[in-house]
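Handing you a structure now.
The values are calculated or read from the model by the stated rules, or taken from the named source; none is laboratory data. Remember, predicted model here, so these are calculated numbers, not experimental data. Positions of Cβ are backbone-derived with ideal geometry, glycine not excepted, and every protein chain shown enters the neighbour counts. For the accessible areas, the whole protein counts, side chains as well, though only heavy atoms, and no ligand, DNA or RNA atoms are used. Shrake-Rupley method; radii C 1.70, N 1.55, O 1.52, S 1.80 Å.
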Amino acid sequence: MKINIGWLYPDLMNTYGDRGNIIALSHRAKMMGIKSAVNKISINEPGDLILKMDILFMGGAQDKQQEIVNQDLKNKGLFLKKAINDGVPGLYVCGAYQFLGKYYKEADGKIIDGIGVFDLYTESSKFGDPRCIGNIVIESTLFPKIKLVGFENHGGRTYLADKKQAFATVFKGYGNNGEDKTEGIYFKNSFGTYLHGPILPKNPEIADYLIEKALERKYRNVGVERDRPLKKINNSWEEKARSWVIDRL
Ligand code: GLN
């Protein structure tokens, strides 16, 4: 079994350790006994490469990089939208998450259109509002009995059309907007979230979830059952690290 990981705009959308998510996906796949390949998809790569991927990832950026990527998404956005709607598992952090909504209003009032696959919009903080910065702890029904941790740093406030689509509830921190306690979105196997940190090494359950969904989709769709159970991974160090962060907050 092999999974193709698509890393969107690694040269432009990659802040606060987001590349650690790619390392975590590859490493955990290897520990489970699954081969993986990382494919970088940026401005010079063709958009249809997105449709050959089993897992997609895009990290965050500041407004300047977001404007460049936004131009390129006018073409690649159609492929990305199709992949997400088809259920390709994915993780989209902060600036990437904002792009997948209807629009992102920058600090200077400029509107950047999103690809509109997620039913949400984002507006930058008004003058005087604080940026949403710090460690964040969230709870998600997708990962019961555990608290997930990360680091957030965003000016944008995101509002979901349907709060039931939220990925998680904020236990500590800001999340989508610092008001309604929602964090991120979960839509057809894709996570949009404000959690940098990076999120996957800190919360390996989410990495495994993405890998398992990718395998399910890739091998069951062509009628091939998984040939053997995935190897179990000992997460005791990750769990200790996470408890340490939660206890500190
Ligand atoms: N520019 C966006 C904001 O500040 C995204 C920041 C990020 O991706 N960390 O809201």
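Starting from the amide H of Lys40, placed 1.01 Å from N in the peptide plane, find each other amide H under 5 Å away whose residue is 5 or more places distant or on another chain.
It is Trp7, by chain and number.
Sticking with this one: Can you give me the long-range amide H partners of Tyr103? Hydrogens built in the peptide plane at 1.01 Å from N, cutoff under 5 Å, separation of 5 or more residues or another chain.
Correct list: Gly114, Thr122.
What does the helix-only formula give at 222 nm for the chain: each DSSP H stretch with n ≥ 4 adding -39500 (n - 2.57), the total divided by the residues, and the result rounded to the nearest 500 deg cm²/dmol? Please report the intermediate quantities before stating the final value.
Numbers: 6 runs with 70 residues, N = 249.
Calculated mean residue ellipticity at 222 nm is -8500 deg cm²/dmol.
Within the range 191-213, whose backbone N sits under 20 Å from a point 7 Å along Cα→Cβ of Glu139?
Only 194-195, 203-206 fall inside the zone, counting backbone N under 20 Å.
Separate question: Spelling out what I want: for every residue of the range 13-27, take phi, set θ = phi - 60°, compute 6.51 cos²θ - 1.76 cosθ + 1.60 (Karplus), and round to whole Hz; glycine and proline get x.
Result, ordered by residue: 10, 6, 10, 6, x, 4, 4, x, 5, 5, 4, 5, 4, 5, 5 Hz.
With each pseudo-label sitting 7 Å past Cα toward Cβ, what's the Lys2-Lys64 distance in nm, one decimal?
Going from the Lys2 label point to the Lys64 one covers 3.9 nm.
Right, next: Build a GNM of the chain with springs between Cα atoms under 10 Å: which of Ala168, Ala107, Ala214 gets the top mean-square fluctuation?
Its mean-square fluctuation being the largest, the pick is Ala107.
Another question about this same structure. Counting only protein heavy atoms and using a 1.4 Å probe, what share of the accessible area of the range 73-133 belongs to carbon plus sulfur, as a whole percent?
55
Out of the trypsin sites (Lys or Arg not before Pro) in the range 147-177, which ones are loop residues according to DSSP with at most 14 other C-beta atoms within 10 Å?
On the way: sites: Lys147, Arg157, Lys163, Lys164, Lys172; in loops: Lys147.
Passing both the DSSP loop test and the Cβ count: no residue.
Averaging sequence separations of C-alpha pairs under 8 Å and six or more residues apart, then dividing by the length of the chain, give the relative contact order as a whole percent.
Relative contact order comes out at 20 percent.
Something else now. For the range 64-76, what does the Karplus curve 6.51 cos²θ - 1.76 cosθ + 1.60, with θ = phi - 60°, yield as ³J(HN,Hα) per residue in whole Hz, taken in order and with x for Gly and Pro?
Residue by residue, the range 64-76 yields 4, 5, 4, 5, 5, 5, 4, 4, 5, 6, 4, 9, 5 Hz.
Residue by residue, what Karplus-based ³J(HN,Hα) values in Hz, rounded to whole numbers, does the range 51-59 have, using 6.51, -1.76 and 1.60 with θ = phi - 60° and x for Gly and Pro?
Result, ordered by residue: 6, 9, 8, 9, 9, 10, 9, 9, x Hz.
Also, I was wondering about something else. Which percent, to the nearest 5, of DSSP beta bridges fully inside the range 1-157 are antiparallel?
45
Can you work out the accessible area per residue across the chain, with the rest of the protein chains kept in place, probe 1.4 Å, in square angstrom?
Details: 11580 Å² over 249 residues.
It amounts to 47 Å² per residue over the chain.
Could you check the simple spin-label distance between Asn234 and Ser125, using points 7 Å along Cα→Cβ, in nm with one decimal?
If labels sit at Asn234 and Ser125, their model points lie 4.3 nm apart.
Sequence-distant or interchain residues sharing an amide H contact under 5 Å with Phe171, placed H: which?
Residues meeting the amide H criterion: Val137, Ile138, Glu139.
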